[in-house]
1. Residue pairs, Cβ under 6 Å, 6 or more apart or interchain, first in region 153-172 and farther than 15 Å from residue 234 by Cβ, second among the charged types (D, E, K, R) and surrounded by fewer than 24 Cβ atoms within 10 Å (Cβ to Cβ). List them.
2. Given the residues 49, 72, which is the only one that is in a helix (DSSP H, G or I), surrounded by fewer than 20 Cβ atoms within 10 Å (Cβ to Cβ) and of a type in the set (Lys, Arg)?
3. Against the definition (part of a helix (DSSP H, G or I) and at pLDDT 85 or above), how does residue 162 come out, yes or no?
4. Go over the candidates 195, 224, 173 one by one and state the one that is more than 17 Å from residue 25 (Cα to Cα) and within 15 Å of the chain's Cα centre (by Cα).
5. Taking only region 10-56 into account, find how many residues are among the β-branched types (Val, Ile, Thr), more than 12 Å from residue 208 (Cβ to Cβ) and within 10 Å of the chain's Cα centre (by Cα).
6. For region 25-37, does any single residue satisfy the condition of being surrounded by 21 or more Cβ atoms within 10 Å (Cβ to Cβ), out of contact with any Cys (no Cβ under 9 Å at 6 or more places or on another chain) and outside any helix (DSSP H, G or I)?
7. Hey, any hits in region 98-118 for a residue that's out of contact with any Cys (no Cβ under 9 Å at 6 or more places or on another chain), of a type in the set (Phe, Trp, Tyr), closer than 22 Å to residue 236 by Cα and modelled with pLDDT of 70 or more?
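The values are calculated or read from the model by the stated rules, or taken from the named source; none is laboratory data. Given the structure is predicted, the values throughout are model-derived calculations rather than measurements. Note that each Cβ is placed from the backbone with ideal geometry, even for glycine, and that neighbours are counted across all protein chains shown.
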Amino acid sequence: MDPLLIAAVIAAGFAAGFINTLAGSGSAITLPLLVFMGLPANVANGTNRIGVLFQTTVSSATYHREGVMPWRDALFLLVPAIVGGVAGAAIAVDLDETAMRRAIGAMLILSFFLILLRPKRWLVGRPEGARRPGIKEWILFFFVGMYGGFIQAGVGIFMLVGLVMVVGHSLVRANAIKALLVLALNIFALVVFLRNGQVNWVLGLVLAVGNIFGGWAAARMATRDWAQVWVYRLLLVVVVVAAVRMFLT
C-alpha cells in the first residue's frame, strides 16, 4: 500500500475515533473513504468495525481509569445492545438503504432539538441522579443496537440521547457507557460480517491505528471539566452534519 495512502487512512481513523468517542458518527468519515479505496459497501461496513472495536476498547479502558464509567448501568444495557447489534448486522443486506437514510436523517434532526432543548441536563445529568434502566430502556437500546449492527455511523448519537434524556446521565458518563456498548455490539456484529467474508483485515488494521489514538485522546479530554461545554457543542455540530449527509447521499 502506498505510504501516503496509509497516512491518509490513519488520519481518517484518528478523526473518526476522536469524533466517535466524544459524540458519534465518525464512521461518516471512514466508510466513504473505504468505498473510495475500492471496497464494496458491505465490505467497507464490515471492515470499519475493526477500527471501531479497537477504538472503543481503548476509550472504555480510559473512561474506567478516569473513574467515570457507571458499570452497573453499562452492564445492564449490554444484552439488548448486543442482541440488537447481531440482528442489525444479519439483516443489513435486506433493507432499503435510501429509505433508511431518510428515516435516520429525520431522527437526527429530532435528536438535535432534544440536545438543544435542555443543555444543563447534558452537562450535569438529572438533578436527582440517573435512574436505573428498566424494560423500556432495554427495548430502546435493542433498537439502537440494531441500527448500530446495521451501519455504525450515527449510533453513538442515538445512544447518547437515550442515556442522557431517558436514563439521566451527564454527557461524560453517557459517553463512557456508549463506548462500552458500542464495543460489545461490534464484537458480535463483526463475527457476522466475518462469516459472510465482508472484512478486509489489512485496511481494517491500518484504520484501527488511527482509531486507537483518536479514541484515547478524546476520552482523556472528555473527562476534564473544562471540556464539557466543548463536547456538547461538538455533539450539536456532528448531529447537524450527519443529518445533512443522510439526506444528500
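1. So the pair list comes out as 168/126; 168/131.
2. On the way: 49 fails: surrounded by fewer than 20 Cβ atoms within 10 Å (Cβ to Cβ).
From the options 49, 72, the qualifying one is 72.
3. On the way: part of a helix (DSSP H, G or I): yes; at pLDDT 85 or above: yes.
Yes: the conditions hold for residue 162.
4. 173
5. So the answer is 2.
6. yes
7. Yes, the conditions are met somewhere in region 98-118.
One line per residue, one yes/no per condition, for (1) part of a loop (DSSP other than H, G, I, E, B); (2) in contact with a Gly (Cβ under 8 Å, 6 or more places away or on another chain); (3) surrounded by 22 or more Cβ atoms within 10 Å (Cβ to Cβ):
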position	(1), (2), (3)
204	no, yes, yes
207	no, yes, yes
210	no, yes, yes
214	no, yes, yes
220	no, no, no
234	no, no, no
237	no, no, no
243	no, yes, yes
247	no, yes, no
